[in-house]
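Participant: This is the structure, below, for whatever I ask next.
Here, each number is a calculation from the coordinates, and none is a lab measurement. These numbers were taken from a predicted model, which means no experiment stands behind them. Here Cβ is always computed from backbone atoms with ideal geometry, including for glycine, and neighbour counts include all displayed protein chains.
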Amino acid sequence: MTATAFFAPSRRLRGEVVAPPDKSISHRAALLGAMAAEPVRISNYLRAADTLSTLGALRAVGALVEDHGDSVVVRGSGLREASEPDGPVDVGNAGTLMRLLPGWLAAQDGRTFELDGDSSIRRRPVDRIAEPLTRMGARIEATDGRYPPFVVHGRRLRAISYEMPVASAQVKSCVLLAGLAADGTTSVVEPAPSRDHTERMLAGAGVAVERDGRTVRVTSADELDARSVAVPGDLSSAAFVIAAGVLVRGSRLLVRDVGVNWTRTGFLRIAERMGAIVVGDLEQPSAAVADREPVCDLDVRAGPLVGTVVEADEVPLAIDELPLVALLGCFAEGETVVRGAEELRVKESDRIAGVVDGLRALGASIEATPDGFAVTGAEGCGLRGGRIDARGDHRMAMLGAVAGLASRDGVEVVGIDAAAVSYPDFAADLAGLA
């Protein structure tokens, strides 16, 4: 049964919150453990629906997983020895898992793996990973040529140079993971920078990873040497708390232990451009591939906002937080426009349609475009309030909650339970700050 919650207007938000463990890095750390030669201990692993799906999927292909409370230990089978499962591998609602796991499975010569998930995952395309994996020698059979359930037939892989048509950290990571077991050196050319968690994690596991401008290269490896991984706080989840602190007048928040990898801080740069006050020791871009994730505390304060334009080259570094840009735009002077964000239409829901329909129902002046949206801010309180349907999407559920705190009349969120996909304690954390 879908849960509903009402989020009343808040006079101000004060206090501290610890960001939940990073979902993207938790997925990758568990997968790295399954591919490694020795057991990998993962501290601060996220216990949420998506990341628990990853642990279940890895068990299905032969990994042993031990949950010790303060850490998770994954005992894998190595780069080329995953077990063929008895039935379909269930990825649940985890799009990251669905697109990364096949990179490893494609190199399992002579073994076959079927991947399936919930009704939402069956609407998310996999052709972007199928095309490069097929070029490397694997065989992928997808429903209607591009959707789950799909079957990965493992083969001996060959290295390729792959020029990505769209910047995507998930597709890049899939190809790089396949390249670890391919003959030769695999190159991925990005049209724009995207999250580099996979490259950092591989570098930390002893893999030769090189970055040359927009090109990333990995060379075939015999094994991965990764004994431990520490997962930082998730900036994409913390962004919703940060947005609440920016929008609710008189607020002052401290968000602790947040990962501030420069490929994840795009939303902070956009928010600061709009007038938000967010202070912290943020990582700066670097040509070299780092082997660890930077972490800091963020000091957040409310401030008057102005509209901005987000262009396509900024989108990959803020993709999960773009709904929040629309929300900030409702309270900003002037117009806020997001362009080049077609990828939002194939997330857990069509987030362009969801954001536009949802915020308009709350009183926003917002229009959809084929690749984004345009918001005209209102003076004073930028949203009236009302009711918003999360559509089973965790980001939409959290968006509605933050909108309620900043609105005039409050917001009823239908499907607030979807927030548990990435941030199980979200509602409780907001209540503590109010």
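Participant: Assuming a viscosity of 0.692 mPa s and a temperature of 37 °C, what translational diffusion coefficient in µm² per second does Stokes-Einstein assign to the chain, Rh being the Kirkwood radius over Cα pairs? Don't skip to the end; give the middle numbers.
Facilitator: On the way: Rh = 21.7 Å.
Here the translational diffusion coefficient equals 151 µm²/s.
Participant: I would also like to ask the following. Over the alpha carbons of segment 52-100, what is the largest minus smallest coordinate on each principal axis, giving the biggest first in Å?
Facilitator: 29, 25, 18
Participant: May I ask you to derive the FRET efficiency for Arg252 and Ala378 from their Cβ-Cβ distance with R0 = 30 Å, giving the value to the nearest 0.05?
Facilitator: That gives a FRET efficiency of 0.80.
Participant: Could you please rank Ser43, Ser220, Ser53, placing first whichever residue has the fewest other Cβ atoms within 10 Å of its Cβ?
Facilitator: Working: Ser43 14, Ser220 18, Ser53 24.
Starting with the residue having the fewest Cβ neighbours, the order is Ser43, Ser220, Ser53.
Participant: Tell me the label-point distance for the pair Arg292, Ser43, using the 7 Å Cα-to-Cβ offset, in nm and rounded to one decimal.
Facilitator: 1.1 nm
Participant: Here is a follow-up. Need one number: nm distance between label points at Glu333 and Ala192, each 7 Å from Cα along Cα→Cβ, rounded to one decimal.
Facilitator: 2.8 nm
Participant: From the alpha carbon gyration tensor of segment 287-434, can you work out the equivalent ellipsoid semi-axes (sqrt of 5 times each eigenvalue) and give them in Å, largest to smallest?
Facilitator: Values: eigenvalues 101, 81, 59 Å².
So the three semi-axes of segment 287-434 are 22, 20, 17 Å.
Participant: Right, something else. Quick one: which of 145-151, 63-69, 235-241 comes out on top by average Cβ neighbours within 10 Å, and what's the full order, highest first? Intermediate results must be reported in sequence, preceding the final value.
Facilitator: Working: 145-151: 17.3, 63-69: 13.4, 235-241: 26.6.
The packing order, highest mean first, is 235-241, 145-151, 63-69.
Participant: From the mean inverse distance of alpha carbon pairs (Kirkwood) and the Cα radius of gyration, derive Rg over Rh for segment 204-317. Mind dumping the intermediate values first?
Facilitator: Details: Rg = 17.0 Å, Rh = 16.1 Å.
Result: Rg/Rh = 1.06.
Participant: OK, next. Compute the normalised compactness of segment 23-225: alpha-carbon radius of gyration over 2.2 N^0.38 Å, N being the residue count.
Facilitator: On the way: Rg = 15.3 Å, N = 203, 2.2 N^0.38 = 16.6 Å.
The reported ratio for this selection is 0.92.
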